[in-house]
Every structure is written in C-alpha cells, then in structure tokens.
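Everything on this sheet refers to the single structure shown next.
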Amino acid sequence: MDVKNFTDENLAVFIQDNNGKGFEELIDRFEKPLLRYAFRLSGDMDMSEDIVQESFIAAYKNINSFDSKRKFSSWIYRITHNFAVNNIKKHSKIVPFENDQIKDERNRISEKGLEMDLEKDREMLENNLNLLAVKYKEIIVLRYFEDKSYDEISDICHIPINTVGVRISRGLKILKDKIGSKNG
Amino acid sequence: MVKDIKKEILVKIEKGEVKIKPKRWFHFIKFGAAFLIIILALSAVVFANYFVYIPKKMGAFRGSGIGMYASYMPFVLLVIIILMILISVWLYKEFEGGYKKSFYFIFFASLVAIIVIGAVLAFSGINEKLERNPQMRKFHDWQENNFVGGRQNRQNQLYK
C-alpha cells in the first residue's frame, strides 16, 4: 500500500492501525513546515531542531490520541507549539539575535531545502517578530507565515476563535507602534 | 552540521526507546475527565441546594429582602461551588475540546445554571423529606453549623 497518496488524516489512522508503520512518511511531510514554525517562534535553529524532534517523538507516542475527525496538521502543530512555548520560556533570557545571526540561521535553513520566499512586508514582519510577546508572536506566525485559518489557529493554540482575532489585531498594532518608535 | 531529525527518530523507534501508548490509555483519560466533570457538577448542585436551603430554613426569605438573605448566606459553600466549577471548566477545556469557548462564558453559565438548579431543589421540598431520615438530619445540622456558623445561635438568642 502506497501511503504517499494518503491524506494526512488517513495516514495518521493507518499509523494507528499498523502500530507505527508509515510514520516515516509523516516525518517527510511535516519536518520542514514544523522546523520553519519552531524557528520563527524561537529564533534559534538548534532549539528548533530539538523542538521538532521532541514533537515527532511525542506525536509517535500519542498517535492513538489523534481523532481522525479533526485536522491532523493542527494536531501536530499543537504538539510543536507546546514544546516551542515551553522551550522559549525556559530560555527566556536569550538576547534577541542580530541581523547577521538571522542570515546565518537562514543559510542553515536553506541547507535543509526550506523555502523562505517571503514577500517584502512579510520580511519586515519577520525581522521584527521578536519585539512581540510569545502569545502574539505565535498567532501572527501561524496566520501570516503558515497560512493557517482562524479555526486552525484556535485548535493549535487552544484558544477561542474570537481570541485569535483579538490577538492578531492587537499584535499587529503593538508591532506597528514598536516599529514606529524604533524608526523614530 | 545539520541534524538528521528523521534518522534519529527512526533509530529510537527501531531500538524500542519510543513506544506508542495504547488507545485504551487515552480512552481512560477522556472518560476519567468526563466522569470527574459529572461528579463535580452533581456535587456542586447538591451544595448549591444547601446554599439556598440553609438560609431559607433559617427564615432568610421571610424577612425583608436581599440584606436579610446576605446575613445568612453560607459563603463557604459558595467558595466550594466556585472551586468545583473552576476545576470542571479546566477539565472540560483541557481534555474535552472545550477550548473553543470562552472560559468566562463557560464559568458564568455553569455557575448560574448550578445555582438555579440548586434553588429549584431547595424550594421543591426534597430537603424537608430527606430530613425525616435521622442520618440526613445529622448531615443537614452539620452543614448548618459549619457553613453558617454561630449565626443560627445568635438568631435563636435574639428570638428567645
């Protein structure tokens, strides 16, 4: 049976029914998006790799808790989100990185074949993401970089849909104010 | 040097260092949480019943308005009810997919519903019937003495 043609949800059910068989395909599908997401949240590639590895291990252990009526990508993003937020809290003393460091990390990401073809405003947004508190940053990353819907963000962050909207508009406003004051 | 995440994970799986948790474990967690929510909600209704019944029995509703009731209000019971609802809401949001709804909405809706059901029970006459049973009578006395404290005694002294 070729698992490559399965939808994410069907693949997860296949893994549940076959005691882990097919998990490799799941890693192939989600490694890059999750790495990108974790990197945008943490700003540290080494930490992001650890977060993603831990996430896949947790996903494997808990695959039987996945409900096939729900979206698989939201489920696995939720796991990564939890690990990322915990790691960020643990390493909250990390000094925001300089632009050169961002470039180095980007080079490392492109080594992995990740595409970071962002539009100009997205780049501006990305460079200033660290000005935001995690609770706003996570939502803005999911919305503008991972193209997730409000409903999916609600599933990933475990917050009501209304709160997603409020945090997006508040986060963007804070960002605008901070960029404005930074530029004088 | 880029870390080979996939290889490292697959090696761990092959070595048996990482194992899939059985489905029954997750069913146990889900049903356990649902069971706890039901138990907490039912207990909160019982306490809400006493929250209304104790002041009613002491004549709070025969008096003049809310001030009278407030002087008999068993605040400890109210705190217990609120704690029970808080735990239930947390369980619901954490284990039963309740995160889509606002915490405040679920909390206040549950609080109002439980107090209303408790009040209906308190005025239904069920407590008076239960008090005919000596064991229940003891339990009711214990509730009155512990949750309203010395107010009853003061009241009795006042009307002596």
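Structure summary
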item: Selection within segment B:91-129 - loosely packed, with under 15 Cβ neighbours inside 10 Å and hydrophobic (A, V, I, L, M, F, W, C); result: B:105, B:108, B:109, B:112, B:116, B:120, B:123, B:126
item: Residues (within 21 Å of the chain's Cα centre (by Cα) and more than 16 Å from residue A:58 (Cα to Cα)) located in segment A:5-24; result: A:7, A:8, A:9, A:11
item: Extreme residue, farthest from the other protein chains (Cβ to nearest Cβ), among residues of segment B:2-16 that are part of a helix (DSSP H, G or I) and β-branched (Val, Ile, Thr); result: B:11
item: Matching option when the condition is away from chain B (no Cβ under 12 Å), more than 22 Å from residue A:159 (Cβ to Cβ), in contact (Cβ under 8 Å) with a residue 60 or more places away in the chain and out of contact with any helix residue (DSSP H, G or I) (no Cβ under 7 Å at 6 or more places or on another chain), among A:8, A:44; result: A:44
item: Among the residues listed as B:44, B:34, the single one being farther than 30 Å from residue A:35 by Cβ and either loosely packed, with under 15 Cβ neighbours inside 10 Å or at pLDDT below 95 (or both); result: B:34
item: Residue A:65 at pLDDT 90 or above, more than 11 Å from the chain's Cα centre (by Cα) and surrounded by fewer than 18 Cβ atoms within 10 Å (Cβ to Cβ); result: yes
item: Those residues of segment A:14-31 which are touching a helix residue (DSSP H, G or I) at 6+ places or on another chain (Cβ under 9 Å) and assigned to a helix (DSSP H, G or I), in sequence order; result: A:14, A:15, A:16, A:23, A:24, A:25, A:26, A:27, A:28, A:29, A:30, A:31
item: Wholly within segment B:111-160, helices (runs of 4 or more DSSP H) carrying at least 2 residues that are at pLDDT 85 or above; result: B:126-131
item: Lone qualifier among A:89, A:32, A:61 - being more than 9 Å from chain B (Cβ to nearest Cβ), of a type in the set (D, E, K, R) and under 27 Å from residue B:95 (Cβ atoms); result: A:89
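The values are calculated or read from the model by the stated rules, or taken from the named source; none is laboratory data. Bear in mind the structure is a predicted one, so any value in this text is a computation, not a measurement. Don't worry about glycine lacking a Cβ; one is built from the backbone with ideal geometry, like all the others, and counts go over all protein chains shown.
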